[in-house]
Amino acid sequence: MYRFLQKTQYGGWMSLGGILLCVTGSEAMYADLGHFSQSSIKLAFTMVVYPSLILAYMGQAAYISRHHSFEKNHHIGFYVSVPEKIRWPVLGIAILAAVVGSQAVITGTFSVIKQCCSLNCFPRVKIVHTSSTVHGQIYIPEINWILMLLCLALTIGFRDTKHMANAQGLAVITVMIVTTCLMSLVIILCWNKNIVFALSFLLFFGAIEAIYFSASLVKFHEGAWVPIILSFIFLMVMCVWHYGTAKKYEFDVENKVSISWLLNLGPSLGIVRVRGIGLIHTDLISGIPAIFSHFVTNLPAFHQVLVFLCIKSVSVPHVQPEERFLVGRIGLRQYSLYRVVVRYGYRDVQQDSLEFEKTLVSSIAEFIRSGDSDLNGHLDGSDSPYEKLSVISKGLPFQKDGEPEASPESSTPTETNPKLVSSKSRRVRFVLPENAQMNSEVRSELQELTEAREAGMTFIMGRSYMRAKSGSSMIKRIAINFIYEFLMRNSRSPAYAANVPHVSTLEVGMVCQV
């Protein structure tokens, strides 16, 4: 390498950007970690990929050493060194290799986007998990379409493989430099090594990569500008989304209503309890969201049974039905306020609105009947007692008058009590086990839940509109009022919102000044 640079000097330094492309394909193979294990990639690289690369480069070097008359041949490509008889089959193999390489890039892009969404650094997108056993096998339709459009735009716009090579070379060497810098931090923070060791690693590999980076950066106007422009666009989107999400979370935390405020609402403030069950969707698993106080302030009424519903997606394929619902009480028994956390795995199919309503109500009824409900809701002026949640493994079954017994998911009782908690005028009744013993308060609470279900269920969804405070800088107003709001309007809604019936949905809008 030293003799090559000494002999060619400036021309050799300029060619480093093309030499860098020799390792880009093998590096992209590690993006397949989402589809294959680490040991299988090591075996494939050692037994197949590395020997094939060495043979190919040795063959090209041998051809160039015999045909090095650069005055006649200004460009010696790969296909020139291939014998003419097998040139077309080699072209077919190269096309298949390009497909494999693009698949690795697509898989790596999906993994990065998913991690960014988990860190609230990218707008919500639809993530489809294609495997029930491997969590990393995902498919993102929106990103797949964006990649296709970008590939077509670059191919049509450049019409020259040289410009594409320059763009790819700068992108790859930039990734290498960033990886080397982050690796030095891993050596210090994670491996607890001496800082001298980390600096030696950074200087040794960083110096080599800096030479390649400078050679690629010189070709900025010959196609290398494309990855830089795309990086700045995605960086701007990620920074604005993360900044807006952080500000929205700060607003929710600062304006979160204490449970004592909710429990102190009474007839003196004109609060009216209307018939039915109100489901308030929230991302908070403790406290009362600000959107509810905004709703009550402007419309001083809420349902006779109020449920703060939080739907969480966990990083396991399936959540067992007996572990899906966590139910707790807010305040005293007479308030009829509950908190329900529903957990779904990434391969679970969420129930439709009718089935979900039945399972939710039966889980709350079982929580009321069980002794766990007595441990919740003691009013002592603090929020901590209200945050206890109980796992409901089996919901309390219910049936209609004149129909055989029906039970929700995971509920199959064999014995029932002829005493059914409902009046004769009600069509739906909870079926109690034969040995069930209830006091009058539990029976009255189940009766109220039954009446509320008969009256209907309303899904209350919150919609926050972000606005920069008056006096904010121009950059902040553009980022929040225009870019973040545009991303919010065009990003995916939460998965549970697709199953909510529109006729039973009440959307509450609220302007957040940040």
Counting only protein chains, not ligands or nucleic acids, how are Glu222, Glu366 ordered by accessible area (probe 1.4 Å), most first?
-> Glu222, Glu366
Can you sort Thr245, Thr179, Thr505 by 1.4 Å-probe accessible area, starting with the largest?
-> Thr179, Thr505, Thr245
Give a quick list of chymotrypsin sites (Phe, Trp or Tyr not before Pro) in segment 177-262 that DSSP marks as loop, anything other than H, G, I, E or B, with at most 16 other Cβ atoms within 10 Å.
-> Trp191
For segment 86-190, listing trypsin sites (Lys or Arg not before Pro) in a DSSP loop whose Cβ sees at most 13 other Cβ atoms within 10 Å gives Lys126, Arg159
Can you list residues whose amide H is under 5 Å from Arg124's amide H, if they're 5+ apart or on another chain and H is modeled 1.01 Å from N?
-> Arg492
Give me the accessible area of Ile195, 1.4 Å probe, in Å² rounded to the nearest 10.
-> 100
In percent, what relative contact order does segment 120-256 have, based on Cα pairs under 8 Å that are 6 or more apart in sequence?
-> 31
Over the heavy atoms of Ile113, what accessible area does a 1.4 Å probe trace out, to the nearest 10 Å²?
-> 20
For segment 140-292, shape from the Cα gyration tensor axes a ≥ b ≥ c, cut at a/c of 1.5 then a/b versus b/c, turns out oblate
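The values are calculated or read from the model by the stated rules, or taken from the named source; none is laboratory data. Just so you know, these numbers come straight off a predicted model, no measurement behind them. Don't worry about glycine lacking a Cβ; one is built from the backbone with ideal geometry, like all the others, and counts go over all protein chains shown. All accessible areas refer to the heavy atoms of the entire protein, side chains included, with ligands and DNA or RNA removed. Shrake-Rupley method; radii C 1.70, N 1.55, O 1.52, S 1.80 Å.
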